[in-house]
Structures are given as structure tokens and as C-alpha cells.
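S.K.: Mind looking over this structure? Questions follow.
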Amino acid sequence: MQKTIIKLLTGLSLVACAAVAQAQYPTKPITMVVSFPPGGTSDSLARLIAKNLSDGIGQPVIVENKPGAEGQIAATDIMKSSPDGYRIGFVTSGNLSALPAMRKTPPYAPATDFTPIADVGRYAFFLFTHPSLPAKDFKEFIAYAKANPGKVSYGTGNATGVLAFGQLKSMFGIDVLHIPYKGEPPATTDLVSGRIDAMIGTAAGLPYVNDGRLRTLVTLLPKRSPLAPETPVLKEIGMGELPVILWAGIVGPAGIPKDIVDRLNQVINTTIAKPEIQAQIEQMGFALTPTTPEAFGLMIKEQVDAYETLAQSIGLKAQ
């Protein structure tokens, strides 16, 4: 009887200690894993959020870049972390929606292997080309690619680029050479230098357009971007809207306590609501969409299905 009481009291003590620890969260620095190399839109956005999250939550938020394998390395790291809220990740539709749709055996189940924390927003993607390519608009690009099968090269630094270019190839019947990269920055570097001819990337490439080193032929946004108002949208070139969402958000491993999730969500949403932060993010060509963890989790689940449908429709073979 005495042993039973001791075990019971010990168990209650551990529960109480855990509750106190959660109530005091955070008591040490938080690490934010980013699935992209330094220098791109995603990395810049994650660092901006991390810096301001640190100010709002009272502990340093350290960005740790883990690029490669189209975001799988970072996502797997997050999935295997302890569910205590001290290791979270900045993830995108690339590694949590598109990548599982492109694998015969997905490395993780996005809807169950992660805890949704905060929906950050939506990317502006563009089709960029090098000026040496004799195509000044999308129609000319397709015509040139058809007239020169296998000669036009395109780079991808994320799964979104793979799927979006896959849709272009399927819809217009073009034969173009795929060059994969570990992230968007190295692909952009090679595009600017003329080593590749085209890529689908974020608004990080627009400064090169402004100084004449690149061209934009189309945007994947549903309406023209104020950052590139002369660039047409998919509907205007006869493609229709991309049937998936190009999103970014914050997640953690499955099992993070709800009070910790809610605290992080509240601080992140407050952070990105600041006018000065919004202004900086909008200059990255990014649209903010803050919401609840529950709504974010539902969107993740829906987008896994949407990306699988897109991959099947363009005949992309799972690897």
C-alpha cells in the first residue's frame, strides 16, 4: 500500500513539474530549422520572423539552415525532434505538400507527423529566363522550346518548381532539360550567369529583372504582382490557375502541447501583423495569411491531396 502511494505521488509530481515547465515556456533558446540555404526568399522570411518572434517570446530564436533533398532533410529533422516546442521549423508547400506527392514511399505523413503552429503566407512565383534566350514573352518561349527540343535547360531549387515546370511541359508538349539544385539561390546564380536558361522561382529574382540581367515571362499568382505589374498571370497565357497553394508556415514535431502551440501562434501572428514587418514581407513578394493552428492543419491535409492530384495529372513518376 505504501509503495502504491509513493508511486502515485511520484507520478503526480512529474505531471506537476511538466505543467510548470509548460507554463514557463520558453525557458531557453528556440531553434527554427529552415529547409533552404541562406540568401533566398524563404531564408530571409524565416530570419525576419525568428528575430521578431525572439523579441515577442523573450528567448533567442536561432535559425538553422538544413537544405537539400527538396526539403526532406529539414522536415525529417523537425519530425524527429522532441515535442517540447524548442525545435520548430519553417516549412513550405515544397517539402510538406509537393515532396510527399513525388515519392513512392513518402518520408513522412504531413497531416500526422507534425504539429501545425502558424500559417505564415503565400509565395509569389515567377518564370524567369536569361536574356540570351531568344524569347521575350511566354508564347515565344514555348515556340523556341518546341523548335529546339532538349536544348533549353531549366533549374529547380524546390519541389514547387519541379511540379510547376512539369505542368508546363505536359500542357504545351515541350522537351526541356531539368537541372536540379539544392535550393533557389544557387539556381538563381547559375541563371543570372547564363549556365541555365530558365527557372521558376520566388520574387527574390526580381532585382535581377530590374537591372536587365533576367526576364519574367509569367507569374503563378492568381493576379498580377505589384512588384512586377507587366508580368502576366497563368490565366492570361491560357493555362488557368495552378491547382495548388504555394504556402509557407511554422510547424513542430507531432505532440507539442496545445498551450505551447497557442502561445507560439499568438506571438507569430502578432509579429507579422506589425506594419513595419508587413512592409518588409510584402517587398519579398509574399502575401501574409495568419490563422489558427487548427485551420492551418486542415489546409496542410487538403494540400497533400491537391499536390498528389497535380502530380498524377501531369504524369510525374513517383521516385
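The values are calculated or read from the model by the stated rules, or taken from the named source; none is laboratory data. Computed from a predicted structure; not experimentally measured. With ideal geometry, Cβ positions are generated from the backbone for all residues, glycine too; neighbour counts draw on all protein chains shown.
S.K.: Could you list all residues from the range 291-319 that are over 17 Å from residue 244 (Cβ atoms) and of a type in the set (S, T, N, Q)?
M.R.: 291, 292, 319
S.K.: Follow-up. Failed condition for residue 62, given (1) modelled with pLDDT of 95 or more; (2) among the hydrophobic types (A, V, I, L, M, F, W, C); (3) buried (at least 16 other Cβ atoms within 10 Å of the Cβ), with all others met?
M.R.: (3)
S.K.: Got a sec? Which helices (runs of 4 or more DSSP H) wholly within the range 213-313 have at least 3 residues that are among the polar types (S, T, N, Q)? Write out each step before concluding.
M.R.: On the way: elements: 258-272, 275-282, 293-313.
Filter on the range 213-313 gives 258-272, 293-313.
S.K.: Filter the range 162-203 down to the residues that are in a strand (DSSP E or B) and surrounded by fewer than 22 Cβ atoms within 10 Å (Cβ to Cβ), then identify the one that is modelled with the lowest pLDDT.
M.R.: Applying the first criterion (in a strand (DSSP E or B)) to the range 162-203 yields 177-180, 198-202.
With surrounded by fewer than 22 Cβ atoms within 10 Å (Cβ to Cβ) added as a condition, the list becomes 177-180.
On the way: 177: 96, 178: 95, 179: 96, 180: 92.
Of everything passing the filter in the range 162-203, 180 is modelled with the lowest pLDDT.
S.K.: So residue 109 fits all but one of (1) under 17 Å from the mean Cα position of the chain (by Cα); (2) surrounded by fewer than 19 Cβ atoms within 10 Å (Cβ to Cβ); (3) touching a residue at least 40 places away in the same chain (Cβ under 8 Å); what number is the exception?
M.R.: If we test residue 109 against (1) under 17 Å from the mean Cα position of the chain (by Cα); (2) surrounded by fewer than 19 Cβ atoms within 10 Å (Cβ to Cβ); (3) touching a residue at least 40 places away in the same chain (Cβ under 8 Å), just (3) comes out false.
S.K.: Under 8 Å between Cβ atoms, which residue pairs at least 6 apart in sequence (or on different chains) link something in the range 167-196 that is aromatic (Phe, Trp, Tyr) with a partner that is assigned to a helix (DSSP H, G or I) and buried (at least 21 other Cβ atoms within 10 Å of the Cβ)?
M.R.: Listed by first residue and then by second, the contacts come to 172/145; 181/187.
S.K.: Given the structure, is residue 51 part of a helix (DSSP H, G or I) and without any contact (Cβ under 8 Å) to a residue 12 or more places away in the chain?
M.R.: Values: part of a helix (DSSP H, G or I): yes; without any contact (Cβ under 8 Å) to a residue 12 or more places away in the chain: yes.
Criteria met by residue 51.
S.K.: Can I ask one more? Quick one: is residue 246 buried (at least 17 other Cβ atoms within 10 Å of the Cβ) and either touching a strand residue (DSSP E or B) at 6+ places or on another chain (Cβ under 6 Å) or in contact (Cβ under 8 Å) with a residue 60 or more places away in the chain (or both)? Before you say what the answer is, go through the steps one by one.
M.R.: Values: buried (at least 17 other Cβ atoms within 10 Å of the Cβ): yes; either touching a strand residue (DSSP E or B) at 6+ places or on another chain (Cβ under 6 Å) or in contact (Cβ under 8 Å) with a residue 60 or more places away in the chain (or both): yes.
Yes.
S.K.: Output the number of the condition that residue 143 fails; it satisfies all remaining conditions of (1) closer than 20 Å to residue 239 by Cβ; (2) free of Cβ contacts under 8 Å to residues at least 60 places away in the same chain; (3) buried (at least 16 other Cβ atoms within 10 Å of the Cβ).
M.R.: Tallying (1) closer than 20 Å to residue 239 by Cβ; (2) free of Cβ contacts under 8 Å to residues at least 60 places away in the same chain; (3) buried (at least 16 other Cβ atoms within 10 Å of the Cβ), residue 143 fails exactly one: (3).
Conditions (1) within 21 Å of the chain's Cα centre (by Cα); (2) farther than 18 Å from residue 161 by Cβ; (3) among the basic types (Lys, Arg), marked per residue:
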| site | (1), (2), (3) |
| --- | --- |
| 177 | no, no, no |
| 181 | yes, no, no |
| 192 | no, no, no |
| 195 | no, no, yes |
| 202 | yes, no, no |
| 208 | no, no, no |
| 215 | no, no, yes |
| 229 | no, yes, no |
| 232 | no, yes, no |
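S.K.: If you scan the range 151-209, which residues turn out to be aromatic (Phe, Trp, Tyr) and in contact with a Phe, Trp or Tyr (Cβ under 9 Å, 6 or more places away or on another chain)?
M.R.: First, pick out the residues of the range 151-209 that are aromatic (Phe, Trp, Tyr): 154, 165, 172, 181, 208.
Listed by number, the residues that qualify are 154, 165, 208.
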